[in-house]
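See below for the structure under consideration.
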Amino acid sequence: MPLPKAELHLHIEGTLEPELAFELAARNGVELPYATTDALREAYRFEDLQSFLNLYYELMAVLRTERDFEDLANAYLARAAAQGVRHAEIFFDPQAHIARGVGMGTVVEGLSRALDRSEENHGVSTHLILCFLRDESAESALATLDAAKPYLDRIIGVGLDSAEVGHPPVKFREVYETAAALGLRRVAHAGEEGPPEYITEALDILGVERVDHGLRCMESPDLVARLARDRVPLTLCPLSNVRLRTVDTLADHPLPAMLEAGLLCTVNSDDPAYFGGYADDNFTAVREALGLSEERLRELARNSFLASFLDDDEEKRAGYLAEVENYAF
Ligand SMILES: Nc1ncnc2[nH]cnc12
Ligand SMILES: [Zn+2]
């Protein structure tokens, strides 16, 4: 049994495996520009974040109905459960679907069909986080939040993703203020490809409680000291960083230095269908490449539950934390 953990940085659209993409394409009469699943996998060689995003958005064309989103989420939850994930806070990108004529209701209702039965079917508790695409306008983000209003009982918070450089957090000040007023939790991708200043902005202007990636904080000792002092969780995604060339190799990943600096790090899978591994695959990869001790791995698992939005059920969090402490490697 793998180490119990929470997954806090997971784009549901990034769990679309080639086999399911072809199945959904056939079901929906969508033509994919790849002959086979192997030919599609061949395309998974990325130069940077943008080259990945191009394929990520292209493949979403196969997701059309509630059932598609339900099947996608169920496939992820089954894999996550097998990897020791006990709780998942799942991102989705509604603007990428709305732009294709697939409404907010289809996406949220479809995902909810799987999520509502996830504890019973997979033993995984879940939360849903709506992400705004930062390379779209602030007005589009506001309209998206407005479209989500009928579904806010299913959505715990908002996030910010897609192409980072040139789209600083400040662009989304108003939508984050509106989200906060609606009682939504706030996270944002920052410091993946963008500079450390974007992390500071996400904290100071958007009021985020967690930083997704946050890797480039290591370029600013003052920022590292602040993040460590304030126990701001960072949702790191090591295999993603290698595939998107944010780090050269896993052995160069700053995770050990980040832990040494007292940062509240978590390990997550980002877009596992594209980056070569789910949650425990990331744990295994960093253990092997970086020689992390069992106690460091336990710390990462503990951090994942501490950083989760399980404040609505402290009993559940305590149960998961006990599983981590009692885990025998
Ligand atoms: N790693 C990532 N960074 C930014 N946007 C994303 N959307 C899906 N994965 C992403
Ligand atoms: Zn991400």
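Here, each number is a calculation from the coordinates, and none is a lab measurement. From a predicted model like this one, the values you see are computed outputs, not experimental measurements. We place every Cβ from the backbone using ideal geometry, glycine too, and count neighbours over all the protein chains shown.
Around the Cα centre of the chain, unit charges on the Cβ atoms of Lys, Arg, Asp and Glu (plus for the first two, minus for the last two) sum to a dipole of about 260 debye.
Comparing mean-square fluctuations of 27, 64, 317 from a GNM of the chain with C-alpha springs under 10 Å, the top value falls on 27.
Can you give the relative contact order of region 5-308 as a percent, counting alpha carbon pairs under 8 Å and 6+ residues apart? The partial results should precede the final answer.
Details: 532 pairs, mean separation 62.2, N = 304.
For region 5-308, the relative contact order is 20 percent.
Kirkwood's formula applied to the C-alpha pairs of region 5-308 gives a hydrodynamic radius of 19.2 angstrom.
Under 5 Å from the amide H of residue 210 lie the amide H atoms of 188, each residue being 5 or more positions distant or on a separate chain, with H modelled from the backbone and absent for Pro and chain starts. Secondary-structure-derived ellipticity at 222 nm for the chain, considering helices only, amounts to -13500 deg cm²/dmol, per-run term -39500 (n - 2.57) for DSSP H runs with n ≥ 4.
If you take the beta carbon distance between residue 113 and residue 142 as r and set R0 to 25 Å, what does 1/(1 + (r/R0)^6) give as a FRET efficiency, to the nearest 0.05? According to the calculation, E is roughly 0.35. Distance from the alpha carbon centroid of region 253-329 to that of region 76-136 works out to 20 angstrom.
If I model a spin label at residue 252 and residue 31 as a point 7 Å from the Cα along the Cα→Cβ vector, what separation in nanometres do I get? Taking the two extended label points, one gets 4.1 nm.
Among 208, 138, 253, pick out the residue whose Cα is farthest towards the positive end of the charge dipole of the chain, where Lys and Arg carry +1 and Asp and Glu carry -1 on C-beta, about the Cα centre. So the residue furthest toward the plus end is 208.
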